[in-house]
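Below: one structure, written as structure tokens.
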């Protein structure tokens, strides 16, 4: 008998841990808990939830005629034991006589009410009822019941915090999308007007001077557009909605395109930019445009933080079942204390001088991980920085194209 009791206890604790560990929806979790607790603690288990606005509702609408009041005792975090469900005893937690009739109609003879306390607040109440005539709740039952209620309260609080975080994230994303839409409309008007002005300016010296001013306007508008795009990408990454479309792509072509795009920027700063990819064709399973975005961010950073006369090297090679990309520079490097934070939002190598939105590396990490790869950095101050990232190596049986929101 002892062995069976121990086995039952282990099974119950395991099932409870599983329910609480997956507690992302408070109502669903409490519904599962009330089913799990019967008949272990009683023949009836009810869960009442107190919302943030103070309203109270019964999970699963079970025995909904029985309505309790969050008494000062419960709000203080103390359990209420009602050994005998007499009318006077029931009145201490429910002043409505019809509620008392509901308890008697359900055959409940004894009750215990357990507060669910989270962060000092009453989140809800668990009510256990006994219908058997040979048993009553007493204070000796409280240690096991209170331990159970404390664990359930923690799960309920975590679920509520998760839901609040999700709501805040959705509100942030909705606001960001609305603002981005309005900003882009204005920027598109600026860019269109700038393009028309550039085409209409005369070729004389006065026209060339005005052209410089208009081109500065266009560059600033382009930069603002990129910042908006970066903000939207970060929001998509954090909400798990970044769209990627993996397919087989030539690594040589990707590296050549990325280096070609950044070459003029490197030449303007008198930097050597080199690419090294093996002669043998290499294919990766990736989203080409997204990988170009990653390489553009990494190469762009390398150029920004490398003094004139330095160099930037972009390599790619097959290593096992992965393709390893490397972007190495001879720049100022990153102190060891800051290296773990380079992929954080708004991180800047030189905080006093902002040289971008500070989102490029965050986006690079999100894109690489969405494509099933890894990304990391190695650096020593004064000795340059090297960024590494991997992507899955394409095999002969790899799928041609797969769309996913990660």
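Throughout, read-outs are computed from the coordinates displayed, never taken from laboratory work. Since the structure is predicted, the reported quantities are computational estimates derived from the model, not experimental observations. Backbone-built Cβ (ideal geometry, glycine too); neighbour counts: all protein chains shown.
A straight chain from residue 201 to residue 7 at 0.36 nm per residue would run longer than the Cα-Cα distance by 61.2 nm.
In plain terms, the residue of 304, 337 with the fewest other Cβ atoms within 10 Å comes first and the most crowded comes last, giving 337, 304. Fewest neighbouring Cβ atoms within 10 Å first, the residues 375, 299 line up as 375, 299.
From the square roots a ≥ b ≥ c of the eigenvalues of the alpha-carbon gyration tensor of the range 50-146, which class results: rounded (a/c under 1.5), prolate (a/b over b/c), or oblate? It comes out oblate by the Cα gyration axes. Helix 26-37 and the long axis of the chain differ in direction by around 40°, with both axes built from C-alpha atoms. I need the shape label for the chain. Rule: rounded when a/c is under 1.5, else prolate if a/b > b/c, else oblate, with a, b, c from the alpha carbon gyration tensor. Because a/c hits 1.5 or more and a/b exceeds b/c, the chain counts as prolate. Only beta bridges with both residues in the range 79-219 are counted; by DSSP, about 100 percent of them are antiparallel.
Classified by the C-alpha gyration tensor, the range 2-164 has an oblate form. Its axis ratio a/c, with a ≥ b ≥ c, is 1.5 or above, and a/b does not exceed b/c.
Exposure proxy for 365, 248: other Cβ atoms within 10 Å of each Cβ, ordered fewest to most, give 248, 365.
At R0 = 45 Å, how high is the FRET efficiency between residue 31 and residue 243 if r is their beta carbon distance? Nearest 0.05 is fine.
Step by step, r from the Cβ atoms, then E = 0.85.
Of all DSSP-defined beta bridges confined to the chain, some 90% are antiparallel rather than parallel. Computed from the Cβ-Cβ distance with R0 of 60 Å, the FRET efficiency linking residue 38 to residue 174 stands at 0.90.
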